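S.K.: Structure provided below as structure tokens; questions to follow.
The values are calculated or read from the model by the stated rules, or taken from the named source; none is laboratory data. Worth saying up front: this structure is predicted, and the values here are computed from it rather than measured. Cβ sites come from the backbone with ideal geometry, for glycine too, and all protein chains shown count toward neighbours. To get the accessible areas, we keep the full protein, side chains included, count just its heavy atoms, and leave off ligands, DNA and RNA. Shrake-Rupley method; radii C 1.70, N 1.55, O 1.52, S 1.80 Å.
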Amino acid sequence: MGLVHGVYDAKAEGFVPGGASLHNCMSGHGPDAGTFDKASNSGDTSKPAKVGDTMAFMFETRTLLKPTQFALETEQLQANYYTCWQGLTKHFNPKQR
């Protein structure tokens, strides 16, 4: 995932233009906890939302990626990236229709 300019709606905080993330196949990824909660409690979901003036891109592969030792040791590695999903709350209610 990469951001060229604007904002990336799934990670509005901390994902700046020029930023990128790499997720191996079968690994967790997606909106951070704050963005998920905001979208889950937004009220009217009958109309799609449009994010304007932004350009993001995504590449997907089913191939298992093996980072180099350099990539694993570089100071640009965000070792605490997983914490963006801490605090995710369950919003599913099977009794609500």
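S.K.: For Ala33, only one of the following conditions fails: (1) among the hydrophobic types (A, V, I, L, M, F, W, C); (2) modelled with pLDDT under 80; (3) under 17 Å from Thr89 (Cα atoms). What is its number?
M.R.: (2)
S.K.: In this structure, does Ala79 turn out to be aliphatic (A, V, I, L, M) and over 15 Å from the mean Cα position of the chain (by Cα)?
M.R.: Against the criterion (aliphatic (A, V, I, L, M) and over 15 Å from the mean Cα position of the chain (by Cα)), Ala79 qualifies.
S.K.: Against the condition modelled with pLDDT under 80 and out of contact with any Cys (no Cβ under 7 Å at 6 or more places or on another chain), how does Met55 come out, does it pass?
M.R.: So Met55 does not fit the description; no.
S.K.: Now, a different point. Tally up the residues in segment 20-30 that are under 19 Å from Lys90 (Cα atoms) and either at pLDDT 75 or above or of a type in the set (Val, Ile, Thr) (or both), please.
M.R.: The total comes to 2.
S.K.: Further question: Specify the residue that is modelled with the lowest pLDDT; the eligible residues are those in segment 5-19 that are more than 19 Å from Gly87 (Cα to Cα) and surrounded by fewer than 13 Cβ atoms within 10 Å (Cβ to Cβ).
M.R.: Val16
S.K.: Where residues in segment 30-50 are in contact with a helix residue (DSSP H, G or I) (Cβ under 9 Å, 6 or more places away or on another chain) and assigned to a loop (DSSP other than H, G, I, E, B), which of them is farthest from Leu3 (Cα to Cα)?
M.R.: Out of the qualifying residues, it is Thr45.
S.K.: Scan segment 20-36 residue by residue and report those that are open to solvent by 90 Å² or more (accessible area, probe 1.4 Å) and either within 10 Å of the chain's Cα centre (by Cα) or free of Cβ contacts under 8 Å to residues at least 40 places away in the same chain (or both).
M.R.: Answer for segment 20-36, where residues must be open to solvent by 90 Å² or more (accessible area, probe 1.4 Å) and either within 10 Å of the chain's Cα centre (by Cα) or free of Cβ contacts under 8 Å to residues at least 40 places away in the same chain (or both): Met26, His29.
S.K.: Within segment 51-97, track down each residue that is in a loop (DSSP other than H, G, I, E, B) and touching a strand residue (DSSP E or B) at 6+ places or on another chain (Cβ under 9 Å).
M.R.: Asp53, Thr54, Met58, Phe59
S.K.: Assess whether Ala39 counts as being surrounded by 11 or more Cβ atoms within 10 Å (Cβ to Cβ) and free of Cβ contacts under 8 Å to residues at least 24 places away in the same chain.
M.R.: Taking the combined requirement at face value, the residue satisfies it.
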